[in-house]
Amino acid sequence: MTAINSFNSGIKVFLKDVAHGCFEIAHNGLAMLGLVAALAVSALVFKPELRTDGETALLGWLQARQSVASDVPVEADAVDRATATHLKDLPKQQAAVAFWLAKKYRVAPEPLGALVAEAYEIGNKTKLDPTLILAIMAVESSFNPFAQSPVGAQGLMQVMTKIHTDKYEGFGGNLAAFDPVTNLRVGVKVLQECIKRAGSVEGGLRQYVGATSDATEGGYTAKVLAEQARLRQVALGGNVPLLTPAQPATTPALAPSPPSPSEPEKIAAL
């Protein structure tokens, strides 16, 4: 019995020592884990760039996992390429104009918001009424940035891209004609030169559309000025009814007929 009691006593001591050892290891491990956590928190607090790098790495990992799961490439910065602005971020007048144009021409208000903001900004720089710029886009393309006429006028403002290649050089080349903001800026440049050469807005519009006389401009000037008048009323808070969207005028600049030697601006090179 003595031997058995001694054996049992030895087992109990062994188990007790093992348990105590495990406790010490766990205790020390938790203490070490706590120390590591404290150091990590301190590093994130005093070195925010580490937190930013960590967040970026985590976001990249999550996006990669999402891409694998959906078989669709994920680009978090794709929104930066979109020509769009929330109307709530625009001044009241601009938001009203963008909302009215979006309803009339059946396009999304956010892209219209970006174009309206750009028209107002460039209008202030060039001393052109932004509603005139917007009216030209409305009549020329109904706000279709990919519109193209039979003779090669392209984009929102239907600029003759091949004729005005030099104006697109600073934007990377002729394909920039289909970037809405670039087309707007180049179109305004062409319009400026037309108005300066003609001496009046009306004469400039005739040159812009490539008309050789009042008889050949197909009512284009009247359409643009009428749309501009409506946009001015909208900007002032007026309740302007929606009309049938204007269609691009059939003029020498848009019809597939050979240009005459005296045809200005949109057909003749600057």
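We did not get these values from a lab; they are worked out from the coordinates using the rules stated. In this text the structure is predicted, and so the values were computed from the model without any measurement. Counting neighbours? That spans all protein chains shown, and the Cβs are built from the backbone with ideal geometry, glycine included.
Data overview
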item: Convex hull projection area averaged over all views, segment 87-235, Cα basis, nm²; result: 8.5 nm²
item: A82-A222 FRET efficiency (beta carbon distance; Förster radius 41 Å; 0.05 resolution); result: 0.75
item: Cα-Cα over 19 Å, subset of K88/K223; K103/K127; K104/K162; K88/K125; K162/K189; K189/K223; result: K88/K223; K103/K127; K104/K162; K88/K125; K189/K223
item: Neighbourhood net charge (12 Å Cβ-Cβ; Lys/Arg +1, Asp/Glu -1) for A84; result: -3
item: Gain upon complete extension [D129, K162; 0.36 nm per residue less C-alpha separation]; result: 9.2 nm
item: Inter-label distance for N174 and E202, nm, one decimal - labels placed 7 Å from Cα along Cα-to-Cβ; result: 3.6 nm
